[in-house]
1. Tally time: how many residues in region 11-26 are of a type outside the set (Val, Ile, Thr), under 13 Å from the mean Cα position of the chain (by Cα) and either within 20 Å of VAL71 (Cβ to Cβ) or in a loop (DSSP other than H, G, I, E, B) (or both)?
2. Just give me the residues in region 120-139 being farther than 17 Å from ASP84 by Cα and touching a Gly at 6+ places or on another chain (Cβ under 7 Å), in sequence order.
3. Please specify each residue of region 8-49 satisfying the condition of being under 18 Å from PRO137 (Cα atoms) and among the charged types (D, E, K, R).
4. Looking at VAL95 and the list (1) under 15 Å from HIS140 (Cα atoms); (2) assigned to a loop (DSSP other than H, G, I, E, B); (3) not polar (S, T, N, Q), which single condition is not satisfied?
5. From ASN129, ASN164, grab the single residue that is within 18 Å of TRP16 (Cα to Cα) and either free of Cβ contacts under 8 Å to residues at least 24 places away in the same chain or in a loop (DSSP other than H, G, I, E, B) (or both).
6. What are the residues in region 133-161 that are part of a helix (DSSP H, G or I), basic (Lys, Arg) and under 21 Å from ILE39 (Cα atoms), if any?
7. Taking region 41-55 as the search range and keeping residues that are outside any helix (DSSP H, G or I) and touching a residue at least 40 places away in the same chain (Cβ under 8 Å), which one is surrounded by the most Cβ atoms within 10 Å (Cβ to Cβ)?
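Here, each number is a calculation from the coordinates, and none is a lab measurement. Since the structure is predicted, the reported quantities are computational estimates derived from the model, not experimental observations. Because the Cβ atoms are built from the backbone with ideal geometry, glycine has one as well, and the counts that use them run over all protein chains shown.
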Amino acid sequence: MDSTINEKIIDETKYWMERAVIGLNLCPFASTVHVKNQIRYVISDAATHESLLKDFMQELEMLAEIPAEKVETVLLIHPHVLTDFIEYNDFLDVVDAALEDMDLEGELQVAGFHPQWQFAETQPDDIENYTNRSPYPMLHILREASVLQAVSAFPEADKIFEKNIETLRKLGHSGWSDLGLDKGVLRQKNK
């Protein structure tokens, strides 16, 4: 893939990270790793599920071997495959199986983000879905020990999801759009 296109995808992802994930405090743990430059942004050129799985497994191996001080977490962005949310959601089972097959369950975990993310029992345009909406489909690989450490240090970590829904309901669709997080706006910002 063209390096200019990859840079644009990473820039849009960082913009989303700064404006939504950190800016709205959807993940209170993201700011520290962002500021310390410990997030690895990887663009997968995969066009098939199989090639994405291969890329995913390489990133699992890398993260399991490298010290957390260098890379705390990985965003594996895959703009050419699993663009349909239902396919993406089904692929998360494959991701979980790969973690288990590689004996990394309990060491690493994956959080899902997708431009069409939809929680069960919601409508496609319900604002609470935006807690997991990203500019591109991606698999967020996290160190489980770091997640547990962050959660234990954060008061009422179990209420983060509920707080996020409340934040987005107050913000509403127009507020989300005002942040410049709509796909068309993101593209305009990077021209």
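1. 5
2. Across region 120-139, the qualifying residue is only ILE127.
3. Scanning region 8-49 gives LYS8, ASP11, GLU12, LYS14, GLU18, ARG19, ARG40, ASP45.
4. The one condition VAL95 does not meet is (2).
5. Sole residue among the options that is within 18 Å of TRP16 (Cα to Cα) and either free of Cβ contacts under 8 Å to residues at least 24 places away in the same chain or in a loop (DSSP other than H, G, I, E, B) (or both): ASN129.
6. Listed by number, the list is empty, since nothing qualifies.
7. ILE43
Per-residue answers, yes or no, for (1) closer than 24 Å to TYR130 by Cβ; (2) in contact with a helix residue (DSSP H, G or I) (Cβ under 8 Å, 6 or more places away or on another chain); (3) without any contact (Cβ under 8 Å) to a residue 40 or more places away in the chain; (4) exposed (fewer than 15 other Cβ atoms within 10 Å of the Cβ):
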| position | (1), (2), (3), (4) |
| --- | --- |
| SER3 | no, no, yes, yes |
| ASP11 | yes, no, no, no |
| ASN25 | yes, yes, no, yes |
| ILE39 | yes, yes, yes, no |
| LEU63 | no, no, no, no |
| THR83 | yes, no, no, yes |
| ALA98 | no, yes, no, no |
| ASP101 | no, no, yes, yes |
| GLN118 | yes, yes, yes, no |
